[in-house]
Amino acid sequence: MNIMRWLEPGSVDVPDDLREAVGGHPLVAETLVRRGITAVEQAAAFLDPARYRPASAFDLPDMDRAAEIVREAVRRQKTILIWGDFDVDGQTSTALLVDALRGMGAQPRFYIPDRQTDGHGINLERLKTWLSGVDLLLTCDTGIAAHESIAWARQQGVQVVVTDHHTLQPTLPPAEAVVNPMRLQEGHPLRELSGVGTAYKLAEALGYSRAEDLLDLTALGLVADVMVQVDDTRYLIQRGLEVMRQGGRPGLRALFERSETNPAEVSSTTLAFDLAPRLNALGRLADANPAVELLTSMNQALIAMLVNRLEGMNNERRFLTRQIVSGATEAIEREPALLDYAALVVAHPGWHAGIVGVVASRLVERYRRPVVLLALNGGAATGSARSVAGCHLVQAFESCADLLTRYGGHAMAAGLSLPADKLIEFRRRLSRAVRDQLGERPPEPTLPIDAVVNLSDLTLDFVKDVARLEPFGNGNPPLTLAAKHLTVRSVKPLGRREEHLQLVVEDQTGKSQRVLWWNGADSTPPTGTIDLAFTVRESHYAGKREVLVEWVDARPAADVPLELTTGTSLEVLDRRGALDPVGVLASLQRAEPDLLVWCEGGASVEGVNRLALRPARTLAVFTPPPGPDEWQAALDLVMPRRLI
C-alpha cells in the first residue's frame, strides 16, 4: 500500500498578530509559520501580490547593457533574431519577446530548435542557416553553454545578448551581455526565475509600456518549468494568473476552451496539467515554432487550426508515454539487477527521445531514485533524466562528462546524449556520483502530513480558505492532509482507458467521501481499516462545485499517533524538501545571524558538528543526526526555541 513513512509536523507557535491578520481557518496561519513566514508583513506579501514589492530588473547582472543593446536595435530598425528553446519555458520566452519587440515597433524573426535534429542549445550549423542579414541575436531560455556558436556569430559582426537561466558553465559565453539569474547570489528574490521570467524582466528593463500584458505567458512558463515558487517567481505567477482570469490572449483562451477550463477559475494546477502538456507535446514530437504563432496571433482561424494540431500531438504523446512506461517496467522486471544501482538507467531502440523525460518523472516516483531513460539510435543514446531531492543531476553528470557527448539542465531535470557503447560505464559512474551526494543508503522516503482532519471537516468553506495559500507548486506544495480509520466501501475505474480509480471511503461515524486516485489502476486498492493521505481542492466539473479529494498515499490504520518530526512543542520550520538547501540556509542566516547550524560529515556549508554544539535560540539541522541518542542529546544541550 504505502512506501513512505508519514511525518506529522510538531506543534508550532503562531504569533498572535499573525493569526489575527491571516484569519480564517487556523491551518492557514500554521502552514505559513511552518513554511518560514512568521511576520505579518511577510504573510501579507505571500498571500496578496499587491503587497509584494518585486525586485528591480536591473539587479540582474548585465541587464543594463542588454536593455541598451536591444533598445538601440529597435530604434535603428535592426534585424533581430530571437532564438528560443522547444519546451514550454522556451516557447513562452520566445513569444513574450516577440510580443514585446513588436509592441515597441520592431519586426523580430524567431527560431525554436527542433528537438530531434538540432538538440538543445544553439546548434552551430543551424545558426549558420538563420544568421544571414541578422544584426542582433537575442537568446531566451538558452545560450549559456553555446560558446562556440556565439563566438562564431560575433565573428560575423552580429551582436549577441543571452538571456537564460540554466546552470552556469566555468566561463560565460562571449556575448555582449549575459543575463542569467544564476549569476545572482543565492537567496536573491530573482534567483529562481526561469527563462520566461528572465525574458519578462528584460521587457521591464526595456520600458515596454504593456509589460503587464505579458504576465500570462510568464506564469505559464514558470509553472511549466517547475520553478521554486518563492519571492518574485511566486509574485509573477500570481499576477499572471490574474491576467488569465480576466481573459488573457486569444491563443490561451482557445487552449482553455479545448481543455474545458473556465478561465475565471484557472490555477497553477490547470497550467501544469492541462495547458503545459499540450504545448510540450509539440516540442517533444515536432516543430515547436507554431506554438509561438499560437501564443502571439490574433487570427482566430489560425489559432483554431493550431489548437487542433496541439490536441493531436498531445494524444500521440499520451500513447507514446504509455508505451514507454510499459517497456521500461518490463525491462526492469527482466533485469532486476538494474535496481541495484543508485541511479536507474534504462535504454531502448524503440523509444521516442522527446517523450522519455515524461516517463522518467513517473519512474522517479515509483523507484525513489534518479532515473535516466535513453532512446538508442544509430550507435547513440539520447534522452532525459529526472532526480530526487538532494541529488543535483548536472553535478552528477559532470563526474561522467568524458563519457557524454553533451548534457545540460538543472538540479532536478536534465538532458544528455552519449555513445551507446558507453552505457554500462555511464550507469556505474553515475551511480557512484549519486551515492556521493545521497550516501550509500538513500534517505527513507517520507511524507510530511500538514494536518490530521475528519472527513466532516472537508467542506467547501474549508477548501476555499486553504486555497488562499495558492498558487501551489514547487516550493509551496499543496497541503497533504490525513484522515484516520477509514474503510474503502467501493472502487470503480475512471477515464477513457480506465487508468484512474474512484473510491468511496467511510469513517467510523459513517461519513463517506469520494476520492480520486489518478493513474491508480495498476495498484491494488487497500482493504481493512486504513489511514489516508490526500490533497483537496475545489472542483467545478459540469458546473457543480464540490470538494475534490485526491489520493496521495495510504497505510494500515495506526493506533498510535503519526510519527512526529520532533517530540517537543518547538516551533518547527521544515525545509527538507527544498531544491536548493544551501540557498535556503544562506537566506535564513542573513535573516538571523546568530543561527546555529549543525552539520556532520563534511557538509558543503559552514556549521558545527555535534561535539561543538552550544545553547542557541534557533538550531538549523543541515544533515541528518547520526542517531536517535545523538539527536536527543543535541536538543537537550542546545535547548532551541526554534528548529529548522
**Asked** Failed condition for Arg71, given (1) touching a residue at least 60 places away in the same chain (Cβ under 8 Å); (2) buried (at least 22 other Cβ atoms within 10 Å of the Cβ), with all others met?
**Response** (2)
**Request:** Please specify each residue of the range 406-425 satisfying the condition of being closer than 13 Å to Thr382 by Cβ and either among the aromatic types (Phe, Trp, Tyr) or touching a Ser or Thr at 6+ places or on another chain (Cβ under 6 Å) (or both).
**Result:** Arg406, Tyr407, Gly415, Ser417, Leu418
**Request:** Would you mind finding the one in Ala533, Ala521, Ala483 that is surrounded by fewer than 18 Cβ atoms within 10 Å (Cβ to Cβ) and among the hydrophobic types (A, V, I, L, M, F, W, C)?
**Result:** Ala521
**Fill in**
Note on Val98: of the conditions (1) more than 28 Å from Arg75 (Cα to Cα); (2) buried (at least 17 other Cβ atoms within 10 Å of the Cβ), unmet is (1)
**Request:** For Ala151, work out the one condition from (1) buried (at least 17 other Cβ atoms within 10 Å of the Cβ); (2) within 23 Å of Pro61 (Cβ to Cβ); (3) at pLDDT 95 or above it doesn't fulfil.
**Result:** (1)
**Prompt:** What do you reckon, is Ala66 under 30 Å from Arg115 (Cα atoms), in contact with a strand residue (DSSP E or B) (Cβ under 6 Å, 6 or more places away or on another chain) and surrounded by fewer than 22 Cβ atoms within 10 Å (Cβ to Cβ)?
**Reply:** no
**Complete:** Arg489: passes all of (1) open to solvent by 30 Å² or more (accessible area, probe 1.4 Å); (2) assigned to a loop (DSSP other than H, G, I, E, B) but (2)
**Message:** If the requirement is being open to solvent by 50 Å² or more (accessible area, probe 1.4 Å), basic (Lys, Arg) and touching a strand residue (DSSP E or B) at 6+ places or on another chain (Cβ under 6 Å), which of these qualifies: Arg5, Arg19?
**Reply:** Arg5
**Prompt:** Can you name the number of the only condition in (1) open to solvent by 50 Å² or more (accessible area, probe 1.4 Å); (2) hydrophobic (A, V, I, L, M, F, W, C); (3) touching a helix residue (DSSP H, G or I) at 6+ places or on another chain (Cβ under 6 Å) that Ala433 fails?
**Reply:** (1)
**Message:** I'd like the residue in the range 154-165 that is open to solvent by less than 60 Å² (accessible area, probe 1.4 Å) and assigned to a loop (DSSP other than H, G, I, E, B) and, out of all such residues, is nearest to Pro181 (Cα to Cα).
**Reply:** His165
**Item:** Selected residue (criterion: most open to solvent (accessible area, probe 1.4 Å)) from residues of the range 209-226 that are modelled with pLDDT of 95 or more and touching a strand residue (DSSP E or B) at 6+ places or on another chain (Cβ under 9 Å)
**Value:** Val223
**Request:** Run down Val584, Val605, Val597 and say which single residue is at negative phi, in a strand (DSSP E or B) and either at pLDDT 70 or above or not charged (D, E, K, R) (or both).
**Result:** Val597
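The values are calculated or read from the model by the stated rules, or taken from the named source; none is laboratory data. Keep in mind the model is a prediction, meaning the values are calculated, not measured. Here Cβ is always computed from backbone atoms with ideal geometry, including for glycine, and neighbour counts include all displayed protein chains. Note: areas computed on protein heavy atoms with side chains; ligands, DNA, RNA excluded. Shrake-Rupley method; radii C 1.70, N 1.55, O 1.52, S 1.80 Å.
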